[in-house]
1. Answer yes or no as to whether residue 358 is away from the ligand (no atom under 16 Å from the Cβ) and either surrounded by fewer than 17 Cβ atoms within 10 Å (Cβ to Cβ) or touching a residue at least 40 places away in the same chain (Cβ under 8 Å) (or both).
2. Is it fair to say residue 278 is within 12 Å of the ligand (Cβ to nearest atom), modelled with pLDDT of 95 or more and either surrounded by 16 or more Cβ atoms within 10 Å (Cβ to Cβ) or over 20 Å from residue 382 (Cα atoms) (or both)?
3. Tell me which strands (runs of 3 or more DSSP E) are completely within the range 226-337 and hold 1 or more residues being in contact (Cβ under 8 Å) with a residue 60 or more places away in the chain and under 20 Å from residue 4 (Cα atoms), or say none if there are none.
4. Among 10, 1, which is the only one that is away from the ligand (no atom under 16 Å from the Cβ), within 28 Å of residue 396 (Cα to Cα), part of a loop (DSSP other than H, G, I, E, B) and touching a residue at least 24 places away in the same chain (Cβ under 8 Å)?
5. Give the range 133-162 a look and list any residue that's surrounded by 18 or more Cβ atoms within 10 Å (Cβ to Cβ), within 15 Å of the ligand (Cβ to nearest atom) and more than 18 Å from residue 43 (Cβ to Cβ), or say none.
6. Does residue 307 meet the test of being at pLDDT 95 or above and within 24 Å of residue 72 (Cβ to Cβ)?
7. Has the range 256-264 got at least one residue that is at pLDDT 95 or above, more than 12 Å from the ligand (Cβ to nearest atom) and exposed (fewer than 15 other Cβ atoms within 10 Å of the Cβ)?
Ligand SMILES: Cc1cc2nc3c(=O)[nH]c(=O)nc-3n(C[C@H](O)[C@H](O)[C@H](O)COP(=O)(O)O)c2cc1C
């Protein structure tokens, strides 16, 4: 009976444990979590989502305060087009977050950054260019292009000295998306080093419509494999979404996947950025509590716990401080939803906005509890304590469970209750 450790992810001559911990914004996949994956010989991700905010929190910087000070005059204005990111500050924050993580890296694994195209930041091309270039300058091992088609992303860094040596990969949820990406980037004469194929059971935003349940990860992976074989393209494939046990991973690896990308199991690790009381909500969740809805202003469906405080919360848009989802014209669909409710309920202090959420503020405050479909199985991965809470896990324990388990078994941690 095979286990994950019988396989290796190969990049050139280098080999890695074929476990990739996926990026989880905003600082849910922390540097500490990614560093553990790298120390154990696998691949970890940090995320550059809301990096100014993350740099403030981690390194006591003042990026958000400075931006808010500059644009405070615009807070009551519904037109947010003037609220631009300072590109120098964005580069500085990215360099801080990534540079400090890479300085702390130990072991033979890799640390990549998850870079979402949907963070359009009121100047999509300019800000994405700065984010990717600063990440490469700061020594990141590679960039995973996420949440978007990224048709122009390679071109934004093709003249960077690390364009051909850094690992560059993309997340897709269909063969069509991959074909489009390959066609549009062919001119740069550089293939992605890996393709993460994310199925409908993943956490975060989904690359599917509300009919996500009609799709199946193994089928999408097989489609893509067949296409790559026919085109004689040798690109490592990394399935993601719903890989909950080592045995789940082995079934993909035996079918030719290069590695698996996992995330939900690590949301209850000590090294994960979620506050501990929120991690207990993940442990306790029942299957009925895990919902896919349209409240994200990105336009993508998103999976989350139904008891997330973000749902229905009508907070005033905070784009002067954040503004990561403002499109090229300074629009965000939450602003419109909020303004509609303000107009419909004049004088009401605490509004409820049901159809959209202020994703920046809610993710920043850990009030939107996005999660994978199998979150309801987390309770089977630890011990329930006398007070009804669950024992926290270490990233090392979860990683090694994926690496060595067989027979769909999940190793429980050593009990602290004795
Ligand atoms: C809490 C959470 C946050 C996530 N945030 C992101 C993100 O910011 N960007 C992204 O590309 N994927 C994100 N994902 C998706 C994961 O990186 C990963 O591909 C997927 O969840 C793997 O499936 P699993 O959670 O069933 O293991 C997130 C997943 C979770 C659970």
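The values are calculated or read from the model by the stated rules, or taken from the named source; none is laboratory data. Values in this document were obtained by computation on a predicted structure and should not be read as measured data. Because the Cβ atoms are built from the backbone with ideal geometry, glycine has one as well, and the counts that use them run over all protein chains shown.
1. yes
2. Spelling it out, residue 278 is indeed within 12 Å of the ligand (Cβ to nearest atom), modelled with pLDDT of 95 or more and either surrounded by 16 or more Cβ atoms within 10 Å (Cβ to Cβ) or over 20 Å from residue 382 (Cα atoms) (or both).
3. Result: 237-240, 260-262.
4. That would be 1, the only listed residue that is away from the ligand (no atom under 16 Å from the Cβ), within 28 Å of residue 396 (Cα to Cα), part of a loop (DSSP other than H, G, I, E, B) and touching a residue at least 24 places away in the same chain (Cβ under 8 Å).
5. Selection gives 147, 148, 150, 153.
6. no
7. yes
Residues are listed down the side, and each one gets a yes or a no for (1) at pLDDT below 95; (2) more than 21 Å from the chain's Cα centre (by Cα); (3) surrounded by fewer than 19 Cβ atoms within 10 Å (Cβ to Cβ):
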residue: 71; (1), (2), (3): no, yes, yes
residue: 76; (1), (2), (3): yes, yes, yes
residue: 82; (1), (2), (3): no, yes, yes
residue: 90; (1), (2), (3): no, no, no
residue: 99; (1), (2), (3): no, no, yes
residue: 112; (1), (2), (3): no, no, no
